[in-house]
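K.L.:
Below you'll find the structure I mean.
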Amino acid sequence: MGIEINRFQGEVDEELLCPICSSVLENPLQAPHCEHAFCSACIHEWLSRQPTCPVDRQNITPPQLRPVPRILRNLLYRLQLTCDNSVYGCTAILKLDALESHVQECEFNPKRPVPCELGCGLVVPKDELKEHNCVRELRSLMQAQQTKLVEVQAEVAESKFQMGEQKRELQLLKDYMLAMRNANPSLRILADQMEADEVRRWAETLPKARVLRWGGMISTPDTVLQAMIKRALSESGCPPHIIQDLMENAHERRWPTGLSSLEIRQLNRRQYENYVCRRIPGKQAVAVMACDNGHMNPDMILEPGLIMIFAHGVE
């Protein structure tokens, strides 16, 4: 499995040869006790059949193998050898550590990838270029892409089906929880606490925001703007049961008494800086959640929270 001796210029020391394949060591490893060195591939294949040193039969396991000393690696690196493509006309003489990169780029390498110049632009091995047929290859490539597309479409359809089933099961569970909540006060308290915890966990995933221009607040967002913010809330993982409440609270008609009119908002302007605001991803809007703002006066906050949409000034 190592590099053939007849490719090297001059004599090769015996210590640089693999006892298994009798070729020059390639990626060498040595035994832990006897320190015999072997090609990495050779010794691993040997040990897969019998856990002993091929030379003196001492017990060895693969984890015990270790790299050869630096001095041996240096001797290997100094060796001069011919290119793999010498049979095709390459006359280069190389050091061992330069061989791999040279072979890949060697102009005599029959497997070197080259672009087709007949119009298709595909990259093919050099020795296959003469037999290359652009129409045939492009047709084959198109068929492979179509097959892949069909597979992806089937996976998407299956995913949609699974999501539909999960949504249906989740809705059934919610309906069951709602029925149990109405029938049992203890369960009602437990369900309310679970929903509150869900809202708090979601709010904590949103980055805190700083409003620079409170005067840029849009008090009466239109339908299109509300739909855009609603979509962003859903994509951020907002619990579905509060999305509609939050969006209704985005309009001044639902704002708390401390924000109910322009005059009152002017009077309470200094309190705005005390709000803990959460940035709605990608939008000039923030969520002011009740779970974050227990320190605010009751007339400045709503349950579960309210959305503030701005023309600009949110960072």
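The values are calculated or read from the model by the stated rules, or taken from the named source; none is laboratory data. Please read all numbers here as calculations on a predicted model, not as lab measurements. So basically every Cβ, Gly included, is an ideal-geometry build from the backbone, and we count neighbours across all protein chains shown. Quick note on the areas: whole protein, heavy atoms, side chains included, nothing else; ligands and nucleic acids left out. Shrake-Rupley method; radii C 1.70, N 1.55, O 1.52, S 1.80 Å.
K.L.:
Within the group Ala227, Ala191, Ala232, which residue is free of Cβ contacts under 8 Å to residues at least 40 places away in the same chain, within 30 Å of Asp299 (Cβ to Cβ) and in the same structural domain as Gly305 (by the TED database)? Talk me through it step by step, then tell me what you get.
P.N.:
Details: Ala191 fails: in the same structural domain as Gly305 (by the TED database); Ala232 fails: free of Cβ contacts under 8 Å to residues at least 40 places away in the same chain.
Going through Ala227, Ala191, Ala232 in turn, just one is free of Cβ contacts under 8 Å to residues at least 40 places away in the same chain, within 30 Å of Asp299 (Cβ to Cβ) and in the same structural domain as Gly305 (by the TED database): Ala227.
K.L.:
Tally up the residues in the stretch 19-31 that are under 17 Å from Arg70 (Cα atoms) and part of a loop (DSSP other than H, G, I, E, B), please.
P.N.:
Adding up the residues that qualify gives 4.
K.L.:
Evaluate the stretch 117-125: report whether one residue or more is of a type in the set (A, V, I, L, M), over 30 Å from His241 (Cα atoms) and under 30 Å from the mean Cα position of the chain (by Cα).
P.N.:
Initially, the stretch 117-125 is screened for residues of a type in the set (A, V, I, L, M), giving 118, 122-124.
Now narrow it down to the ones that are over 30 Å from His241 (Cα atoms): 118, 122-124.
Now drop any that are not under 30 Å from the mean Cα position of the chain (by Cα), which leaves 122-123.
Among the residues of the stretch 117-125, at least one is of a type in the set (A, V, I, L, M), over 30 Å from His241 (Cα atoms) and under 30 Å from the mean Cα position of the chain (by Cα), which makes the answer yes.
K.L.:
Could you list, in sequence order, all residues of the stretch 268-315 that are surrounded by 19 or more Cβ atoms within 10 Å (Cβ to Cβ) and acidic (Asp, Glu)?
P.N.:
Answer for the stretch 268-315, where residues must be surrounded by 19 or more Cβ atoms within 10 Å (Cβ to Cβ) and acidic (Asp, Glu): just Asp292.
K.L.:
Which of the residues belonging to the stretch 201-214 are out of contact with any helix residue (DSSP H, G or I) (no Cβ under 9 Å at 6 or more places or on another chain) and within 13 Å of Arg269 (Cα to Cα)?
P.N.:
Selection gives Leu212, Arg213.
K.L.:
Identify the residue in the stretch 56-68 that is of a type in the set (A, V, I, L, M) and free of Cβ contacts under 8 Å to residues at least 40 places away in the same chain and, among all such residues, is surrounded by the most Cβ atoms within 10 Å (Cβ to Cβ).
P.N.:
Ile60
K.L.:
Name the residues in the stretch 13-32 that are open to solvent by 30 Å² or more (accessible area, probe 1.4 Å), under 44 Å from the mean Cα position of the chain (by Cα) and within 12 Å of Val55 (Cα to Cα), would you?
P.N.:
Ile20
K.L.:
Kindly provide the set of residues from the stretch 43-55 that are free of Cβ contacts under 8 Å to residues at least 24 places away in the same chain and open to solvent by 60 Å² or more (accessible area, probe 1.4 Å), ordered by number.
P.N.:
Residues satisfying the conditions are His44, Ser48, Arg49, Gln50, Pro51.
K.L.:
Sticking with this structure for a sec: With respect to Ile243, determine if the residue is hydrophobic (A, V, I, L, M, F, W, C) and in contact with a Ser or Thr (Cβ under 7 Å, 6 or more places away or on another chain).
P.N.:
Working: hydrophobic (A, V, I, L, M, F, W, C): yes; in contact with a Ser or Thr (Cβ under 7 Å, 6 or more places away or on another chain): yes.
So Ile243 passes the test.
K.L.:
So Ile71 clears everything in (1) loosely packed, with under 11 Cβ neighbours inside 10 Å; (2) under 29 Å from Glu137 (Cα atoms); (3) β-branched (Val, Ile, Thr) except one condition, right? Which one?
P.N.:
(2)
K.L.:
Please specify each residue of the stretch 195-234 satisfying the condition of being open to solvent by 60 Å² or more (accessible area, probe 1.4 Å) and of a type in the set (Val, Ile, Thr).
P.N.:
Matches in the stretch 195-234: Thr205, Thr220, Thr223, Val224.
K.L.:
Filter the stretch 293-315 down to the residues that are on the phi > 0 side of the Ramachandran plot and either free of Cβ contacts under 8 Å to residues at least 40 places away in the same chain or in contact with a Phe, Trp or Tyr (Cβ under 9 Å, 6 or more places away or on another chain) (or both) and list them by number.
P.N.:
Of everything in the stretch 293-315, just one residue is on the phi > 0 side of the Ramachandran plot and either free of Cβ contacts under 8 Å to residues at least 40 places away in the same chain or in contact with a Phe, Trp or Tyr (Cβ under 9 Å, 6 or more places away or on another chain) (or both), namely Gly313.
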